[in-house]
1. Considering each of 169, 175, 229 in turn, give the residue that is under 22 Å from residue 132 (Cβ atoms), under 21 Å from the mean Cα position of the chain (by Cα) and at pLDDT 95 or above.
2. Can you tell me which residue is farthest from residue 21 (Cα to Cα) among those in the stretch 106-118 that are surrounded by fewer than 22 Cβ atoms within 10 Å (Cβ to Cβ) and within 9 Å of the ligand (Cβ to nearest atom)?
3. Can you tell me which condition residue 14 does not meet? The list is (1) assigned by TED's automatic domain parsing to the domain that holds residue 114; (2) under 26 Å from residue 107 (Cβ atoms), and all the others hold.
4. So residue 124 fits all but one of (1) more than 8 Å from the ligand (Cβ to nearest atom); (2) farther than 21 Å from residue 58 by Cα; what number is the exception?
5. Could you tell me whether residue 39 is in a helix (DSSP H, G or I) and closer than 25 Å to residue 1 by Cα?
6. Would you mind listing the strands (runs of 3 or more DSSP E) fully within the stretch 129-194 where at least 3 residues are surrounded by 13 or more Cβ atoms within 10 Å (Cβ to Cβ) and within 15 Å of the ligand (Cβ to nearest atom)?
7. State whether one or more residues within the stretch 109-116 are more than 17 Å from residue 130 (Cβ to Cβ) and touching a helix residue (DSSP H, G or I) at 6+ places or on another chain (Cβ under 7 Å).
8. Mind checking which residues of the stretch 14-57 are without any contact (Cβ under 8 Å) to a residue 24 or more places away in the chain and either within 14 Å of the ligand (Cβ to nearest atom) or surrounded by 14 or more Cβ atoms within 10 Å (Cβ to Cβ) (or both)?
Amino acid sequence: MKAVAFSYQAPGSLADALARLGAGSDIAKTMGGGQSLGPMLNLRLTRPDTVVDIARLPELREVSVTSDCVRIGACVTHAQIEDGVFEPLRGTMLQAVAGGIAYRAIRNRGTVGGSLAHADPAADWVVTMTALGAQVEIASAAETRMVPMDGFMIGAYTTVLEDGELIAAVRIPPASADTRWGYQKLCRKTGEFAEASCAAYFDASRRFARIVLGALDGPPVVLRELTRAVAAQGAAALTVQAVDQAIASAAPDKDAIDCKLCRTVVTRCVTQMLN
Ligand SMILES: Cc1cc2nc3c(=O)[nH]c(=O)nc-3n(C[C@H](O)[C@H](O)[C@H](O)COP(=O)(O)OP(=O)(O)OC[C@H]3O[C@@H](n4cnc5c(N)ncnc54)[C@H](O)[C@@H]3O)c2cc1C
(Lines give C-alpha, C1' and ligand atoms only; values in the text may rest on other atoms or scores of the structure.)
Protein backbone atom coordinates (compact mmCIF):
# COMPACT_ATOMS: atom_id res chain seq x y z
CA MET A 1 0.00 0.00 0.00
CA LYS A 2 1.16 3.56 -0.63
CA ALA A 3 0.43 6.85 1.10
CA VAL A 4 -2.40 9.02 -0.15
CA ALA A 5 -1.24 12.02 -2.18
CA PHE A 6 -0.24 14.90 0.08
CA SER A 7 1.53 18.21 -0.19
CA TYR A 8 5.03 18.03 1.32
CA GLN A 9 6.16 21.31 2.84
CA ALA A 10 9.54 22.14 4.37
CA PRO A 11 9.22 25.58 5.96
CA GLY A 12 12.35 27.63 6.60
CA SER A 13 11.51 28.78 10.11
CA LEU A 14 9.48 27.74 13.15
CA ALA A 15 7.14 30.71 12.67
CA ASP A 16 6.52 29.61 9.09
CA ALA A 17 5.88 26.00 10.20
CA LEU A 18 3.40 27.14 12.85
CA ALA A 19 1.60 29.36 10.35
CA ARG A 20 1.21 26.43 7.96
CA LEU A 21 0.03 24.06 10.71
CA GLY A 22 -2.43 26.65 11.95
CA ALA A 23 -3.85 27.53 8.54
CA GLY A 24 -6.80 25.29 9.38
CA SER A 25 -8.04 24.68 5.84
CA ASP A 26 -6.83 21.07 5.57
CA ILE A 27 -5.45 18.18 7.64
CA ALA A 28 -1.80 18.92 8.36
CA LYS A 29 0.67 16.50 9.96
CA THR A 30 3.96 17.50 11.50
CA MET A 31 6.94 15.37 10.49
CA GLY A 32 9.99 14.97 12.73
CA GLY A 33 12.25 12.06 11.82
CA GLY A 34 9.47 10.30 9.91
CA GLN A 35 10.31 6.96 11.55
CA SER A 36 6.73 6.36 12.71
CA LEU A 37 4.92 8.80 10.44
CA GLY A 38 6.41 7.15 7.33
CA PRO A 39 4.94 3.70 8.07
CA MET A 40 1.65 5.28 9.22
CA LEU A 41 1.39 7.14 5.89
CA ASN A 42 2.21 4.04 3.87
CA LEU A 43 -0.36 1.98 5.78
CA ARG A 44 -2.88 4.82 5.36
CA LEU A 45 -3.36 4.95 9.11
CA THR A 46 -3.09 8.69 8.61
CA ARG A 47 -4.26 10.55 5.49
CA PRO A 48 -3.11 14.15 5.72
CA ASP A 49 -3.53 16.76 3.01
CA THR A 50 -0.22 18.33 4.05
CA VAL A 51 2.94 17.10 5.74
CA VAL A 52 4.98 19.87 7.37
CA ASP A 53 8.59 18.70 7.75
CA ILE A 54 10.21 20.42 10.73
CA ALA A 55 13.27 18.17 11.08
CA ARG A 56 15.81 20.70 9.81
CA LEU A 57 14.54 23.81 11.59
CA PRO A 58 17.56 25.17 13.50
CA GLU A 59 15.34 26.50 16.33
CA LEU A 60 14.27 22.93 17.09
CA ARG A 61 17.70 21.30 16.94
CA GLU A 62 19.39 23.03 19.84
CA VAL A 63 20.07 22.13 23.47
CA SER A 64 20.45 25.04 25.87
CA VAL A 65 20.81 25.50 29.61
CA THR A 66 19.10 28.11 31.76
CA SER A 67 19.08 28.53 35.53
CA ASP A 68 16.01 26.33 35.91
CA CYS A 69 16.16 23.82 33.07
CA VAL A 70 17.95 22.04 30.28
CA ARG A 71 15.94 22.72 27.12
CA ILE A 72 16.10 20.05 24.41
CA GLY A 73 14.78 21.07 21.01
CA ALA A 74 12.08 18.78 19.64
CA CYS A 75 14.12 17.77 16.58
CA VAL A 76 17.22 16.69 18.44
CA THR A 77 17.70 13.08 17.37
CA HIS A 78 18.22 10.04 19.57
CA ALA A 79 21.61 9.52 17.88
CA GLN A 80 22.78 13.06 18.72
CA ILE A 81 22.04 12.41 22.39
CA GLU A 82 23.64 8.94 22.23
CA ASP A 83 26.77 10.42 20.64
CA GLY A 84 27.12 13.16 23.25
CA VAL A 85 26.85 15.93 20.65
CA PHE A 86 25.41 18.29 23.28
CA GLU A 87 27.66 18.88 26.26
CA PRO A 88 24.83 19.31 28.86
CA LEU A 89 23.51 15.82 28.04
CA ARG A 90 26.84 13.98 28.14
CA GLY A 91 27.10 11.30 30.82
CA THR A 92 23.45 11.69 31.77
CA MET A 93 20.59 9.24 32.01
CA LEU A 94 19.38 10.60 28.67
CA GLN A 95 22.59 9.59 26.90
CA ALA A 96 22.32 6.05 28.27
CA VAL A 97 18.65 5.74 27.34
CA ALA A 98 19.17 7.13 23.82
CA GLY A 99 21.70 4.43 22.94
CA GLY A 100 19.11 1.72 23.63
CA ILE A 101 16.32 3.08 21.43
CA ALA A 102 15.50 0.91 18.41
CA TYR A 103 18.35 0.47 15.89
CA ARG A 104 21.02 3.00 14.90
CA ALA A 105 19.30 3.73 11.56
CA ILE A 106 16.14 4.75 13.44
CA ARG A 107 18.11 6.68 16.05
CA ASN A 108 19.79 8.68 13.27
CA ARG A 109 16.46 10.23 12.29
CA GLY A 110 14.01 9.66 15.16
CA THR A 111 13.55 12.77 17.30
CA VAL A 112 12.71 13.43 20.93
CA GLY A 113 9.66 15.51 19.99
CA GLY A 114 8.42 12.94 17.47
CA SER A 115 8.70 10.18 20.02
CA LEU A 116 6.76 12.12 22.68
CA ALA A 117 4.09 13.23 20.19
CA HIS A 118 3.67 9.70 18.85
CA ALA A 119 3.06 8.61 22.47
CA ASP A 120 3.70 4.90 22.07
CA PRO A 121 3.33 3.57 25.65
CA ALA A 122 6.46 1.44 25.12
CA ALA A 123 8.63 4.33 23.91
CA ASP A 124 11.74 5.11 25.94
CA TRP A 125 11.42 8.92 26.11
CA VAL A 126 7.85 8.75 27.36
CA VAL A 127 8.84 6.89 30.54
CA THR A 128 12.20 8.65 30.94
CA MET A 129 10.81 12.18 30.65
CA THR A 130 8.06 11.31 33.13
CA ALA A 131 10.66 10.12 35.63
CA LEU A 132 12.68 13.30 35.16
CA GLY A 133 9.66 15.52 35.79
CA ALA A 134 10.04 17.11 32.34
CA GLN A 135 7.80 19.81 30.92
CA VAL A 136 6.71 19.73 27.31
CA GLU A 137 6.92 23.08 25.50
CA ILE A 138 4.03 23.24 23.06
CA ALA A 139 3.91 25.98 20.44
CA SER A 140 1.20 27.22 18.11
CA ALA A 141 0.96 30.34 15.96
CA ALA A 142 -0.90 32.01 18.84
CA GLU A 143 1.02 30.97 21.98
CA THR A 144 3.50 28.74 23.76
CA ARG A 145 2.29 26.65 26.69
CA MET A 146 4.01 24.28 29.09
CA VAL A 147 2.52 20.91 30.02
CA PRO A 148 4.09 18.57 32.58
CA MET A 149 5.05 15.24 31.06
CA ASP A 150 2.76 13.35 33.44
CA GLY A 151 -0.23 15.21 32.00
CA PHE A 152 0.94 15.32 28.38
CA MET A 153 0.18 11.76 27.32
CA ILE A 154 -3.45 10.91 28.04
CA GLY A 155 -3.68 7.48 26.42
CA ALA A 156 -1.93 5.16 24.02
CA TYR A 157 -0.94 7.27 20.99
CA THR A 158 -2.95 10.16 22.43
CA THR A 159 -1.66 13.44 23.84
CA VAL A 160 -3.01 16.88 24.73
CA LEU A 161 -1.62 18.32 21.47
CA GLU A 162 -4.29 20.21 19.57
CA ASP A 163 -4.61 21.06 15.88
CA GLY A 164 -2.08 23.68 14.88
CA GLU A 165 0.28 22.82 17.76
CA LEU A 166 3.66 21.16 17.80
CA ILE A 167 6.21 20.23 20.42
CA ALA A 168 8.96 22.84 20.27
CA ALA A 169 11.09 21.44 23.09
CA VAL A 170 11.17 19.44 26.26
CA ARG A 171 12.53 21.03 29.41
CA ILE A 172 14.12 19.00 32.19
CA PRO A 173 15.16 20.29 35.59
CA PRO A 174 18.96 20.54 35.94
CA ALA A 175 20.44 17.54 37.75
CA SER A 176 22.21 17.97 41.09
CA ALA A 177 25.58 16.39 41.78
CA ASP A 178 23.96 13.67 43.92
CA THR A 179 21.38 12.59 41.34
CA ARG A 180 20.89 8.84 40.98
CA TRP A 181 19.06 7.07 38.21
CA GLY A 182 18.19 3.66 36.84
CA TYR A 183 16.67 2.62 33.54
CA GLN A 184 15.72 -0.90 32.52
CA LYS A 185 13.56 -2.42 29.83
CA LEU A 186 12.79 -5.91 28.67
CA CYS A 187 12.47 -6.51 24.92
CA ARG A 188 12.01 -9.72 22.98
CA LYS A 189 14.89 -8.69 20.69
CA THR A 190 17.46 -5.91 20.94
CA GLY A 191 16.11 -2.86 19.11
CA GLU A 192 12.46 -3.68 19.59
CA PHE A 193 9.92 -1.82 21.69
CA ALA A 194 9.86 -2.76 25.37
CA GLU A 195 7.52 -5.36 26.86
CA ALA A 196 8.14 -3.78 30.26
CA SER A 197 10.12 -0.69 31.21
CA CYS A 198 11.01 1.27 34.31
CA ALA A 199 12.84 4.53 34.99
CA ALA A 200 13.93 5.65 38.44
CA TYR A 201 15.28 9.13 39.18
CA PHE A 202 16.21 10.39 42.64
CA ASP A 203 17.60 13.89 43.17
CA ALA A 204 18.17 14.29 46.91
CA SER A 205 19.15 17.98 46.74
CA ARG A 206 15.87 18.89 45.07
CA ARG A 207 13.96 16.33 47.15
CA PHE A 208 12.59 14.95 43.89
CA ALA A 209 12.12 11.20 43.42
CA ARG A 210 10.19 9.10 40.94
CA ILE A 211 9.97 5.45 40.01
CA VAL A 212 7.96 5.14 36.80
CA LEU A 213 6.53 2.04 35.17
CA GLY A 214 6.20 2.14 31.38
CA ALA A 215 5.09 -0.05 28.47
CA LEU A 216 1.55 -0.20 29.89
CA ASP A 217 -1.73 0.07 27.97
CA GLY A 218 -1.73 3.84 28.46
CA PRO A 219 0.62 6.51 29.82
CA PRO A 220 3.42 5.57 32.20
CA VAL A 221 2.51 5.49 35.88
CA VAL A 222 4.51 6.96 38.75
CA LEU A 223 4.78 4.31 41.49
CA ARG A 224 4.33 6.85 44.28
CA GLU A 225 4.11 4.50 47.28
CA LEU A 226 7.15 2.53 46.20
CA THR A 227 9.04 5.77 45.49
CA ARG A 228 8.29 7.04 49.00
CA ALA A 229 9.30 3.73 50.56
CA VAL A 230 12.58 3.52 48.63
CA ALA A 231 13.38 7.15 49.45
CA ALA A 232 12.86 6.42 53.16
CA GLN A 233 14.34 2.91 53.52
CA GLY A 234 16.52 2.32 50.45
CA ALA A 235 16.96 -1.29 49.29
CA ALA A 236 15.04 -2.61 52.30
CA ALA A 237 11.84 -1.28 50.73
CA LEU A 238 12.33 -3.33 47.58
CA THR A 239 10.51 -6.47 48.70
CA VAL A 240 8.63 -8.69 46.26
CA GLN A 241 5.41 -7.83 48.09
CA ALA A 242 5.96 -4.06 47.86
CA VAL A 243 6.91 -4.21 44.17
CA ASP A 244 3.97 -6.46 43.30
CA GLN A 245 1.59 -4.19 45.19
CA ALA A 246 2.90 -1.14 43.32
CA ILE A 247 2.46 -2.91 39.97
CA ALA A 248 -1.02 -4.15 40.85
CA SER A 249 -2.24 -0.65 41.65
CA ALA A 250 -0.54 0.88 38.58
CA ALA A 251 -1.71 -1.79 36.14
CA PRO A 252 -4.53 -3.89 37.68
CA ASP A 253 -5.33 -5.66 34.38
CA LYS A 254 -1.91 -7.23 33.88
CA ASP A 255 -1.82 -11.03 33.82
CA ALA A 256 0.62 -13.07 35.91
CA ILE A 257 3.29 -13.25 33.19
CA ASP A 258 3.23 -9.50 32.53
CA CYS A 259 3.31 -8.82 36.28
CA LYS A 260 6.44 -10.93 36.54
CA LEU A 261 8.09 -8.97 33.70
CA CYS A 262 7.16 -5.72 35.46
CA ARG A 263 8.52 -7.00 38.79
CA THR A 264 11.83 -7.93 37.11
CA VAL A 265 12.17 -4.58 35.39
CA VAL A 266 11.24 -2.51 38.48
CA THR A 267 13.55 -4.49 40.77
CA ARG A 268 16.49 -4.23 38.34
CA CYS A 269 15.88 -0.53 37.74
CA VAL A 270 15.66 0.47 41.41
CA THR A 271 18.67 -1.72 42.25
CA GLN A 272 20.65 0.00 39.47
CA MET A 273 19.60 3.38 40.84
CA LEU A 274 20.61 2.53 44.42
CA ASN A 275 24.03 1.01 43.53
C1 LIG B 1 11.29 -0.57 13.87
C2 LIG B 1 11.16 0.53 14.91
C3 LIG B 1 11.59 0.29 16.18
C4 LIG B 1 11.47 1.27 17.16
N5 LIG B 1 11.88 0.99 18.42
C6 LIG B 1 11.77 1.95 19.36
C7 LIG B 1 12.19 1.70 20.69
O8 LIG B 1 12.71 0.64 21.04
N9 LIG B 1 12.02 2.69 21.61
C10 LIG B 1 11.46 3.89 21.27
O11 LIG B 1 11.33 4.75 22.14
N12 LIG B 1 11.08 4.15 20.02
C13 LIG B 1 11.22 3.23 19.07
N14 LIG B 1 10.83 3.52 17.79
C15 LIG B 1 10.27 4.87 17.51
C16 LIG B 1 11.36 5.84 17.04
O17 LIG B 1 12.39 5.88 17.96
C18 LIG B 1 10.91 7.34 16.89
O19 LIG B 1 11.04 8.02 18.09
C20 LIG B 1 9.55 7.47 16.52
O21 LIG B 1 9.46 6.80 15.28
C22 LIG B 1 9.01 8.91 16.35
O23 LIG B 1 9.99 9.87 16.13
P24 LIG B 1 10.10 10.65 14.76
O25 LIG B 1 10.92 11.87 15.01
O26 LIG B 1 10.55 9.75 13.68
O27 LIG B 1 8.59 11.14 14.52
P28 LIG B 1 7.69 11.08 13.21
O29 LIG B 1 7.64 9.69 12.70
O30 LIG B 1 8.09 12.15 12.27
O31 LIG B 1 6.27 11.48 13.83
C32 LIG B 1 5.58 10.63 14.71
C33 LIG B 1 4.28 11.32 15.13
O34 LIG B 1 4.57 12.50 15.89
C35 LIG B 1 4.13 13.69 15.22
N36 LIG B 1 5.21 14.65 15.41
C37 LIG B 1 6.53 14.52 15.05
N38 LIG B 1 7.26 15.52 15.54
C39 LIG B 1 6.39 16.33 16.22
C40 LIG B 1 6.53 17.54 16.96
N41 LIG B 1 7.72 18.13 17.17
N42 LIG B 1 5.43 18.09 17.51
C43 LIG B 1 4.20 17.50 17.37
N44 LIG B 1 4.01 16.36 16.67
C45 LIG B 1 5.09 15.78 16.11
C46 LIG B 1 3.86 13.28 13.78
O47 LIG B 1 2.85 14.06 13.20
C48 LIG B 1 3.44 11.84 13.95
O49 LIG B 1 2.08 11.78 14.35
C50 LIG B 1 10.93 2.55 16.82
C51 LIG B 1 10.52 2.80 15.50
C52 LIG B 1 10.62 1.81 14.56
C53 LIG B 1 10.18 2.13 13.15
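The values are calculated or read from the model by the stated rules, or taken from the named source; none is laboratory data. Only a predicted model underlies this, so the values are computations on that prediction, with no experimental measurement involved. With ideal geometry, Cβ positions are generated from the backbone for all residues, glycine too; neighbour counts draw on all protein chains shown.
1. Criteria check complete, one pass: 169.
2. We begin by selecting, within the stretch 106-118, every residue surrounded by fewer than 22 Cβ atoms within 10 Å (Cβ to Cβ); these are 106, 108-109, 118.
When the remaining residues are screened for being within 9 Å of the ligand (Cβ to nearest atom), the result is 106, 109, 118.
Values: 106: 25, 109: 22, 118: 17 Å.
Among them, the one singled out is 106.
3. Failed condition: (1).
4. (1)
5. Yes, satisfied.
6. Values: elements: 135-139, 144-148, 153-155, 166-172, 179-186.
Because the criterion is at least 3 residues that are surrounded by 13 or more Cβ atoms within 10 Å (Cβ to Cβ) and within 15 Å of the ligand (Cβ to nearest atom), the strands (runs of 3 or more DSSP E) in the stretch 129-194 that meet it are 135-139, 166-172, 179-186.
7. Yes: one or more hits.
8. 16, 27, 29, 38, 39, 40, 45, 46
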